[in-house]
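Here the structure is laid out as structure tokens; the discussion comes afterwards.
The values are calculated or read from the model by the stated rules, or taken from the named source; none is laboratory data. Please read all numbers here as calculations on a predicted model, not as lab measurements. With ideal geometry, Cβ positions are generated from the backbone for all residues, glycine too; neighbour counts draw on all protein chains shown.
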Ligand code: DLL
């Protein structure tokens with residue numbers, strides 16, 4: 001198994017801590033002297049740069065959140081003059097102003113480096129054809145994969161998201177070997193390929209690098225079976241850099257965090273205390289090398305745990321578990337906590353059902369209600385109404401048994417639920433309207 005940057009990716013733990021401490025000192029100085037917001041926050045806490053000497057001092061510093069970025073919209077947290085910024089990206093989010101991020105030339109080079117690591121850990125190299133079906137534009141997916149692909153010398157196909165029939169045609173004609181897109185779009189493409197009549201043998205696809213949204217192990221299996229490829233999970237967020245924060249290797253046992261650039265902590269989202277190694281909680285990142293938008297203890301809202309054992313691939317970089325939800329995606333239904341990914345996992349256990357679904361939450365007479373609309377497989381949809389009813393009942397029972405929650409199930413015809421070419425939308429919460 002190839003490793004892009006053996007020096008850092010396989011460094012011993014003492015070495016990595018040393019690098020992190022040194023880079024943290026530089027970052028804290030950078031934000032203290034260049035970003036009034038951070039200087040004020042540190043002064044309020046009675047701290048100066050001299051108080052932060054090693055990674056162990058990090059816990060003294062206050063957290064940064066998405067609302068802090070919004071309050072300083074658009075460029076207020078940048079640590080360099082705009083003349084040094086060579087790229088802007090933004091993520092739209094659900095409410096109000098987008099979150100804006102800026103990169104210096106060095107940041108773009110760091111991003112390409114971590115994306116080169118990501119693609120190499122998925123087994124890609126200069127002989128590959130990478131079909132980048134993540135959206136290009138303000139979203140970081142397209143250009144992130146693009147620069148990483150060029151860095152490893154692969155042939156990059158910047159097709160962007162959507163236009164499914166053209167995706168399939170170019171996949172065949174150009175001989176794409178690596179597919180980069182969201183897992184929900186990968187599944188949509190897999191079904192479209194089956195329907196197009198193109199045989200799997202006509203395609204050279206070998207591996208997929210999928211991320212930007214939560215997806216379960218069952219979903220991975222479904223995509224791997226349908227596309228006959230290895231499906232690799234890649235993670236990142238615009239604020240920290242975009243994709244390239246963490247990625248699985250071919251062992252597929254957790255995502256290696258590029259912790260020489262992004263230092264991870266796990267905190268309890270309620271008490272804000274750092275949790276002991278191995279606990280599940282909210283992931284927090286401090287950037288260690290970023291110039292344009294350095295972030296100190298940025299709360300991602302993503303829930304996961306960290307794995308410090310050495311991986312079979314030889315990399316020593318800490319791994320994060322597959323991230324199955326964000327604290328803000330968690331639904332509370334009649335007091336029961338539920339992540340959409342838990343529902344997805346149950347759906348994928350049943351071959352009669354497709355993992356195309358929508359959860360509709362409402363409140364009727366002060367009581368939360370949850371309805372699941374889900375597609376039935378084409379073959380079963382031809383069945384008698386009585387058979388469909390027993391299928392519906394079976395799914396409802398399975399959901400109740402696994403999740404401890406009564407969910408009203410409505411079966412719908414194949415292809416009714418809107419497909420997504422990027423991040424999928426699984427929940428409509430009418431309580432928020
Ligand atoms: O989604 C960056 C990205 C692009 C990652 C392409 C991977 C591939 P944002 O649009 O800022 O950036 O959204 C970041 O998406 O905080 C997570 O909640 C979620 N997310 C990203 N990757 C994963 C993943 C990009 N592999 C937010 N598993 C993050 C679960 C993910 N959730």
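The conditions of being in contact with a strand residue (DSSP E or B) (Cβ under 7 Å, 6 or more places away or on another chain), at pLDDT 95 or above, within 16 Å of the ligand (Cβ to nearest atom) and more than 28 Å from residue 306 (Cβ to Cβ) are met by residue 179. In region 178-193, which residue that is in contact (Cβ under 8 Å) with a residue 40 or more places away in the chain and not in a strand (DSSP E or B) is nearest to residue 358 (Cα to Cα)? Per the stated criteria, the residue is 184.
Selection of first residues in region 195-215 that are more than 23 Å from residue 155 (Cβ to Cβ) and of second residues that are away from the ligand (no atom under 16 Å from the Cβ) and part of a loop (DSSP other than H, G, I, E, B), restricted to Cβ pairs under 9 Å at least 6 apart or on distinct chains, gives an empty result. Within region 355-370, the set of residues being over 21 Å from the mean Cα position of the chain (by Cα) and surrounded by 20 or more Cβ atoms within 10 Å (Cβ to Cβ) comprises 370 only. Within region 149-168, the set of residues being touching a residue at least 24 places away in the same chain (Cβ under 8 Å) and assigned to a loop (DSSP other than H, G, I, E, B) comprises 152, 153, 154, 158, 159, 160, 161, 162.
If you check residue 286 against the conditions, is it under 21 Å from the mean Cα position of the chain (by Cα), farther than 30 Å from residue 404 by Cα and in contact (Cβ under 8 Å) with a residue 24 or more places away in the chain? Judged against the criteria, residue 286 is a match. Of all the numbered requirements in (1) without any contact (Cβ under 8 Å) to a residue 40 or more places away in the chain; (2) assigned to a strand (DSSP E or B); (3) not assigned by TED's automatic domain parsing to the domain that holds residue 58, residue 379 misses one, and that requirement is (2). Just to be sure, is residue 186 closer than 15 Å to residue 131 by Cβ, within 10 Å of the ligand (Cβ to nearest atom) and more than 12 Å from the chain's Cα centre (by Cα)? No.
In region 290-329, the qualifying residues are those that are within 12 Å of the ligand (Cβ to nearest atom) and part of a loop (DSSP other than H, G, I, E, B), and the one that is farthest from the chain's Cα centre (by Cα) is 321. Out of 171, 219, one residue alone is in a helix (DSSP H, G or I), within 16 Å of the ligand (Cβ to nearest atom) and crowded, with 21+ Cβ neighbours inside 10 Å. It is 219.
Screening 287, 271, 280 for residues that are at pLDDT 95 or above and under 19 Å from residue 69 (Cβ atoms) leaves exactly one candidate, 287.
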